[in-house]
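Asker: Here it is, the structure in full.
Please treat every number below as a calculation from the coordinates, not as lab data. Source: prediction; values computed, not measured. Every residue, glycine among them, receives a Cβ derived from its backbone with ideal geometry; neighbour counts consider all protein chains shown.
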């Protein structure tokens, strides 16, 4: 961990995750300084001491060490390009990226440190390992992944569900997906393995977005100052 505050740019600042990040960064001892908050549109130019920038003004933001991006796929290219131009690190939780955008992120990792994850909680990092291990130990079992989120979440299956599915495939399983959009559910993921007469369920439930926001802040602090590369959350937790 660095001893001086990490200068952060929050991209997607008006979203639920962006608001959680800004709130947590105001806590005493947070170890970070938000130098810019970026959203598609802005009203007040300074909120709680943090300069606000519209997405069209991204090139004019002050110097920063790490950008934390929880936006939409259409805003991802611009923040990735800015980080590469500035030599700053990027932590992104934006889901629904295209194959071309994933390839651009991989290419950028040759020049800057980057982390992309569908989920920044420690519990999901552990669940990922458990799913892969279970898949290896249970060949031929049915594998189903059921995810539930709030009604405003656009992508389905969720990025976390797809990541868990990739872990299952790495272990030899062929996962099937189901999605639920209801109320204000923060995030729930069930991975079920079933065979004749028995089944195993691995479940992660998040009751607060602070879990993901704290994880992203932790990863940003650990990523700052590292060599260029594409890192995983598990490596930094």
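Asker: On the principal axes of its Cα set, how long, how wide and how thick is the chain? Give whole Å, largest value first.
Answerer: Here the Cα extents, ordered largest to smallest, are 60, 39, 35 Å.
Asker: Among 138, 237, 154, which comes first, then next, by fewest other beta-carbon atoms within 10 Å? Spell out each step's value before the answer.
Answerer: Values: 138 17, 237 14, 154 10.
Fewest-to-most Cβ neighbours within 10 Å comes out as 154, 237, 138.
Asker: Any chance you could get the radius of gyration and Dmax over the Cα atoms of segment 1-115, in Å?
Answerer: Calculated on Cα positions, Rg and Dmax stand at 13.4, 40 Å.
Asker: State, as an integer percentage, the relative contact order of the chain based on alpha-carbon contacts under 8 Å between residues 6 or more apart.
Answerer: With pairs under 8 Å counted, the relative contact order is 20 percent.
Asker: Compute the long axis of helix 159-170 from its Cα atoms, compare it with the longest principal axis of the Cα atoms of the chain, and write down the angle in degrees, 0 to 90, nearest 10.
Answerer: 50 degrees
Asker: Counting only DSSP beta bridges with both residues in segment 122-206, what percent are antiparallel, rounded to the nearest 5?
Answerer: Here the share of antiparallel DSSP bridges comes out near 70 percent.
Asker: Determine the shape class of segment 1-43: with a ≥ b ≥ c the square roots of the Cα gyration tensor eigenvalues, call it rounded for a/c under 1.5, and otherwise prolate if a/b is greater than b/c, oblate otherwise.
Answerer: Prolate is the answer for segment 1-43, as a/c is 1.5 or above and a/b outweighs b/c.
Asker: Something else about it: Below 8 Å between Cα atoms, with a sequence gap of 6+, how large is the relative contact order for segment 122-206 in percent?
Answerer: Numbers: 162 pairs, mean separation 32.6, N = 85.
Relative contact order, segment 122-206: 38 percent.
Asker: Which shape class applies to segment 135-237: rounded if a/c is under 1.5, otherwise prolate when a/b exceeds b/c and oblate if not, where a ≥ b ≥ c are the square roots of the Cα gyration tensor eigenvalues?
Answerer: Oblate.
Asker: Just to confirm the number: angle between the C-alpha axis of helix 99-108 and the first principal axis of the chain, 0 to 90 degrees, nearest 10?
Answerer: Roughly 60 degrees, rounded to the nearest 10.
Asker: OK, next. For the chain, give me the percentage of DSSP beta bridges that are antiparallel, rounded to the nearest 5 percent. Don't skip to the answer; put the middle values down first.
Answerer: Details: 18 of 48 bridges.
Rounded to the nearest five, the antiparallel share is 40 percent.
Asker: Additional query: Once you order the gyration tensor axes a ≥ b ≥ c over the Cα atoms, which shape class does segment 49-165 get: rounded for a/c under 1.5, otherwise prolate or oblate by comparing a/b with b/c?
Answerer: Prolate is the answer for segment 49-165, as a/c is 1.5 or above and a/b outweighs b/c.
Asker: Rounded to the nearest 500 deg cm²/dmol, what is the calculated helix-only ellipticity per residue at 222 nm for the chain, with -39500 (n - 2.57) per DSSP H run of length n ≥ 4?
Answerer: Calculated from helices alone, the mean residue ellipticity at 222 nm is -10500 deg cm²/dmol.
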